[in-house]
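Colleague: Before we start, here is the structure in question, set down as structure tokens.
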Amino acid sequence: MAIGYLTIQTRTAQDAVPLSGVQIRIMDNQGNPVYSLTTDENGETQKVPLETVSKSFSQNPYYTGTPYNSYSVLARAAGFNSLYVSDIPIFEEETAILPIALIPMQESQRSPIQAEISIGKPAVAMQTQRQQEGTVAEPYVLRQVVIPNPITVHLGPPSASASNVQVSFPDYVKNVASSEIYPTWPEASLRANIYAIITFALNRVYTEWWGNHRPYHTNSFPLTLFPP
């Protein structure tokens with residue numbers, strides 16, 4: 001059985017403050033507990049090994065199965081609402097870094113609320129192509145290229161009613177890349193896709209393709225992947 005890795009980073013106060021003492025439970029796709037961890041003074045857990053499948057499947061363009069194993073994480077801390085994150089992909093020889101932001105309980109709350117987030121499949125694993133949405137009118141071109149920082153992210157298709165959040169532009173690129181492609185691909189392929197993501201986003205800003213102040217969107221939960 002192949003091995004991948006997972007570490008969790010917990011924050012609060014809009015990601016500004018590390019949160020120590022958070023109880024972390026990692027479960028497999030059947031809900032069976034695999035690890036029980038506690039975050040340290042930096043709000044991080046140790047890097048733990050998890051069973052997955054061979055990375056050769058994710059490098060085979062004709063493979064139609066799921067080239068990774070999925071896990072779930074439950075984060076709990078005294079005085080904070082809980083968070084359950086499911087469908088976390090683990091790839092062979094790769095480390096998944098899962099950032100978790102916990103929200104303090106309100107004074108009127110008697111018990112914590114558990115929020116749930118599902119990461120879902122990367123776009124490359126989807127059988128149907130996603131269609132771009134936006135205006136068909138002639139775009140207005142800005143005088144110069146602007147790098148939005150932070151960038152407003154619409155958590156859904158442009159026409160859908162969904163929340164808007166703000167992230168830094170580098171985090172936006174990392175989030176989109178981790179939701180579009182597999183981290184096991186050759187470095188040249190990763191670079192080419194990341195350059196395309198950056199170019200596409202800046203083109204949409206430069207041409208105001210979605211209209212003035214229209215948020216740019218991604219459906220991904222921020223999961224950043226690095227080599228172990």
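Colleague: What length, rounded to one decimal in nm, is gained on full extension from Phe200 through to Gln23, with 0.36 nm per residue of separation minus their alpha-carbon distance?
Modeller: Contour length minus the Cα-Cα distance gives 59.8 nm.
Colleague: Put a dot 7 Å past each Cα toward the Cβ at Val34 and Gln166; how far apart are the dots in nm?
Modeller: Going from the Gln166 label point to the Val34 one covers 3.6 nm.
Colleague: FRET efficiency for Ser54 and Ser118, Cβ-Cβ distance as r, R0 = 25 Å, nearest 0.05?
Modeller: It comes out at approximately 0.50.
Colleague: Report, by chain and number, residues whose modeled amide H sits under 5 Å from the one on Tyr35, excluding near sequence neighbours (fewer than 5 apart, same chain).
Modeller: Under 5 Å from the amide H of Tyr35 lie the amide H atoms of Ile26, each far enough along the sequence or on another chain.
Colleague: At 0.36 nm per residue, and after removing the present C-alpha to C-alpha distance, how many nm does the segment from Gln46 to Ser189 gain when stretched out fully?
Modeller: Gain on extension, Gln46 to Ser189, equals 48.5 nm.
Colleague: Could you work out Rg/(2.2 N^0.38 Å) for region 1-68, with Rg from alpha carbons only?
Modeller: 1.42
Colleague: Most exposed first by the Cβ proxy, i.e. fewest other Cβ within 10 Å, how do Met1, Met27 rank?
Modeller: Met1, Met27
Colleague: Continuing with this model, one more query. Given H placed 1.01 Å from N in the peptide plane, which residues other than close sequence neighbours of Ile3 have an amide H under 5 Å from its amide H?
Modeller: Answer set, sorted by chain and number: Thr52, Glu93.
Colleague: Hey, another quick one. Excluding Ala96 itself, calculate the net charge of residues whose Cβ lies under 14 Å from the Cβ of Ala96, where each Lys or Arg counts +1 and each Asp or Glu counts -1.
Modeller: -3
Colleague: What residues qualify as long-range amide H neighbours of Thr152, i.e. H under 5 Å apart, gap of 5 or more or another chain, H built at 1.01 Å from N?
Modeller: Tyr216
Colleague: Would you compute the Debye intensity of region 2-120 from its alpha-carbon atoms alone, equal scatterers and no solvent, and pass along log10 I(q)/I(0) at q = 0.12, 0.19, 0.21 Å⁻¹ to two decimals?
Modeller: -0.46, -0.98, -1.13
Colleague: Could you give the length gained on full extension between Gln106 and Glu93, defined as 0.36 nm per residue of separation minus the Cα-Cα distance, in nm?
Modeller: 0.6 nm
Colleague: Which of Ser58, Ser118, Ser179, Ser163 has the fewest other C-beta atoms within 10 Å, and how do the rest follow up to the most?
Modeller: Listing Ser58, Ser118, Ser179, Ser163 from fewest to most nearby Cβ atoms yields Ser163, Ser118, Ser179, Ser58.
Colleague: Count charges around Gly4 for me, please; just the other residues with Cβ under 14 Å from its Cβ, Lys/Arg as +1, Asp/Glu as -1.
Modeller: -3
Colleague: Only counting other Cβ atoms within 10 Å, I'd like Phe80, Phe91 sorted with the fewest neighbours first.
Modeller: Starting with the residue having the fewest Cβ neighbours, the order is Phe80, Phe91.
Read the figures in this text as sums done on the coordinates, not as results from a lab. Remember, it's a predicted structure, so these values are computed and weren't measured experimentally. Virtual Cβ from ideal backbone geometry, glycine too; neighbours counted across all protein chains shown.
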